Structures are given as structure tokens and as C-alpha cells.
Amino acid sequence: MISEDIQAVCGELKKAGVDFEDKKVLITGGAGFLGSWISQAVVEQGALVTCIDNLSSGQESNIEELKDRENFTFIQHDISKPIYLEGDYDLVMHLASRASPFEFDKFPIQILKANTLGIWVALGIAKKHKARFLYTSTSEIYGDPDPKYIPTPESYNGNVNPVGPRSCYDESKRAGEAFVKAYELQHGMDTRIVRIFNTYGPKMRAGDVYGRVVPRFIEQALNGKPITVFGDGTQTRSFTYVRDQVEGILRLAWVEEAMGEVVNIGSNVETKVIELAKIIIQLTNSESEIVFHPLPKDDPRRRCPDITKAKNLLNWRPQVSLEEGLRKTIEWFEAGQ
Ligand code: UDP
């Protein structure tokens, strides 16, 4: 099922003239959920891929099939510590960072390090190798947007609590963006920043401790456990199927005109968390009931990207509906992988 999606991504990219064959690509966080999808797509295209991951939240199982490929190298390393790499790189992609709100109070220092010290190391590698640099930022940098700015354009500067429970992530991602701009300014580097909106799909971690809302609800529904909606469930997210996200990021990494740009990549369909719960119950034929838990502090009320820039600059738009993406994700969890 994953390889079907990878083939679809590669097919779309090929049509668009995006081809990483023979390109030397370094991916930090390459064993994570999104990192491993991106690794697989560019390996499939024939890129020479080096994946760096300290396996703190990334998992070796995510890159199991890639490890035997001769154009894939895995280095277990914490990118917030310096590393010397032989060889050349054309593109460095910095994805390494935990991203689940459940981890913000357990690993805030590691999260801050990955997006400050880690990006510093990654930018240093790109600078040395004169490589293009892509940073995976997040919709979280918008914090809790003023409803006037929904859908949110890249020009919105955000509304973030600098000392709140999510600040280790929000503020370090904002600092990461500043790092990128500083290297671009001072060293004339070719950089790109993607602001990712709630991406889901196969390979996401589940479980009570780590899971984001989609895998949590799916696991709860499949096991007949109560579906834990936080707050009244009217908060929204724009759920983006991983295949669309990978395609958007790789277009951004490739397109010449995108140099120096910051681009939102995410679904433009805003969905209430309560609706998500109901759709998952229906798609899994589950008998689970919905229970309401308190809304975590600073949980953003709404999140929806303005994707005009991605459409115009990258000719990208999301293609997989929420229902289709959830069906695939449910199938993957059902298969117990
Ligand atoms: N959420 C929920 N129940 C859960 C887990 C999350 O209602 O068991 C809500 C959470 O409060 C947020 C949304 O789902 O409003 C998305 O949460 P997620 O952890 O996926 O990431 P976020 O978008 O908040 O970074």
C-alpha cells in the first residue's frame, strides 16, 4: 500500500519534471514518519540518499526496506551534535524533530535542540557542500491564529505563547526559520521553508503516549476503546494525507523559482476534531463511544492554510480526500504494521 502511494508520488513528480535521480540528498530525521516517506520517494527516483536519525522518535522499522538499497545509507546520529560527512550533497533536508504535543512536556529540551542546534549543524553541512537547504517548519508557528487570518497565508506572523506548554516546539520552529534566513542572508545559500499542516498516514506512531489525533482515534476505534475528544471537539485541523505532503515538499525542494520561499503545504479542507472522530468510527464500523476530555492549554482553535502560493509556485494541490486517506491509514493499522 505504501509502495502504491510512492509510485503515485513519483509518477506525479515525473510529470512535473521533478527528478532527483543521481542527486545526493541528506535527510535528517529520515527514519521518522514523514522523513521515511520522503527517503523512500527519492530513493525510488534514484537519488543517493543519506539518512541521519538518532532513532529517538524515528524508528528503524520505517526504513527497513530501504536499508538494502544500494543508494541508501543510514547513519545513527543526533543531529544536534556536530558530524563530519565525506562526499558531496546537492540537497540537505532538515526534518529531525519530535512533533507530537504529547512529547512537548517530556522532551522539550530535545525538541528545542533539534530545531536550533540541529538546524545549525544541518545548515553547516549544506553550506560546506554548497547544497540547497529545505527546512520542514510547521503550521504551529502561526500559534492560535486570529480568525481573520483563516485560511492562513504565509504572510501571517502568528500568535504564539512564548512560555506556554507548546513553546518548545512553536518557538524552536520559529527560531529554525530565522536560522534558515540568516544563512541565506549571510552566506547566499539557496533555501526553502515548508510549513506543514497536520499530516497523517501509514507509519505514524500510535499509542497513548506518542500518537497524534489520527492514529489515536484509529487505534481506539479498532480496539473498541472510547474515542478521546479533547474539549468539545469544535477545534479544527486541516488533515493532509502523507502522499500529498511528500509531493508538495519535493516540488518545493526542486522548483528553481521557489528559492528563498516559505510555503504552506496542507489540505485546504478544515475539519472539526469531533467530525474526524465520527468519520473514523464510521469507516472502522466501530462501536466505540466518544468521550470528552479537557482541552489542553493553548491547543489552537483553528488551523487551515491558504495554499494559493503552493498552487501558483509549485503547481501543487492536495489530491487525496480525507475519507480516502483515512481508509488507507486504517487499512495499514488493521494490518498491524
Ligand atoms: N486531540 C483530541 N483527542 C486526542 C488527541 C488529540 O481531541 O486523543 C485533539 C487535540 O487537542 C488537537 C487535535 O486533536 O485539537 C490535533 O491534535 P494532534 O495531537 O494531532 O496535533 P496538533 O494539531 O494539536 O499539533
Cross-link reach from LYS311 to lysines, straight Cα distance under 26 Å and at least 8 residues apart if same chain, gives LYS14, LYS15, LYS23, LYS148, LYS173, LYS181, LYS272, LYS328
Within the chain, the percent of DSSP beta bridges that are antiparallel, given to the nearest 5, stands at 5 percent
Expressed to one decimal in nm², the mean projection of the alpha carbon convex hull of the range 153-219 is 6.7 nm²
Shape descriptor, the range 238-304: equivalent ellipsoid semi-axes (Cα gyration tensor, sqrt 5λ, whole Å, largest first) stand at 33, 16, 8
Trypsin sites (Lys or Arg not before Pro) in the range 287-337 lying in a DSSP loop, each with at most 10 other Cβ atoms within 10 Å of its Cβ, come to LYS297
Expressed in angstrom and rounded, the centroid-to-centroid distance over alpha carbons for the range 78-123 and the range 276-308 is 29 Å
Of the convex hull drawn through the C-alpha atoms of the range 46-153, the volume per residue in Å³ is 144 Å³
Residue-normalised 222 nm signal for the chain, counting each DSSP H run of n ≥ 4 as -39,500 (n - 2.57), nearest 500 deg cm²/dmol, is -11000 deg cm²/dmol
What the Cα atoms of the chain span along the principal axes, largest first and in whole Å, is 55, 41, 38
For LYS225, counting only lysines whose alpha-carbon sits under 20 Å away and dropping same-chain residues fewer than eight positions off, the answer is LYS278
One would report the antiparallel percent of DSSP beta bridges in the range 193-322, rounded to the nearest 5, as 15 percent
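Computed from the coordinates by the stated procedures, all read-outs in this text should not be read as laboratory data. Bear in mind the structure is a predicted one, so any value in this text is a computation, not a measurement. Because the Cβ atoms are built from the backbone with ideal geometry, glycine has one as well, and the counts that use them run over all protein chains shown.
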